[in-house]
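Values quoted throughout were computed directly from the atomic coordinates according to the rules given, and no laboratory measurement underlies them. If you're wondering where the values come from, they're calculated on a predicted model, not measured in any experiment. So basically every Cβ, Gly included, is an ideal-geometry build from the backbone, and we count neighbours across all protein chains shown.
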Amino acid sequence: MSQDAIDRFLEYLRADKDRLLLVGGMPLGELVAYAASLGFDFTAEELKARQALVHLVEGT
């Protein structure tokens, strides 16, 4: 499931500050490709939908 992959990718990034810095300025397509190279399978559309949901829930 793609949402599980997104959750696991976020956990992977949070485990190392340098990883977060690496992806901080990446364009969306490059970020998804980087995640895929590490074995995390989700699309840019799924990631954008997840981001929209977070903004909706948090009211930001």
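Assuming a ≥ b ≥ c are the square roots of the Cα gyration tensor eigenvalues, decide whether the range 1-50 counts as rounded (a/c under 1.5), prolate (otherwise, with a/b larger than b/c) or oblate.
Cα axes put the range 1-50 in the oblate bin.
Using C-alpha pairs below 8 Å separated by at least 6 residues, the relative contact order for the chain is 44 percent. Mind pulling the angle between the C-alpha long axis of helix 44-58 and the longest principal axis of the chain? Nearest 10 degrees, somewhere in 0 to 90. Once rounded, one gets 50 degrees. Simple spin-label estimate for Arg19 and Glu45 gives 2.7 nm between the two label positions (7 Å along the Cα-to-Cβ direction from each Cα). The C-alpha atoms of the chain define a longest principal axis, and helix 2-14 lies at about 60 degrees to it.
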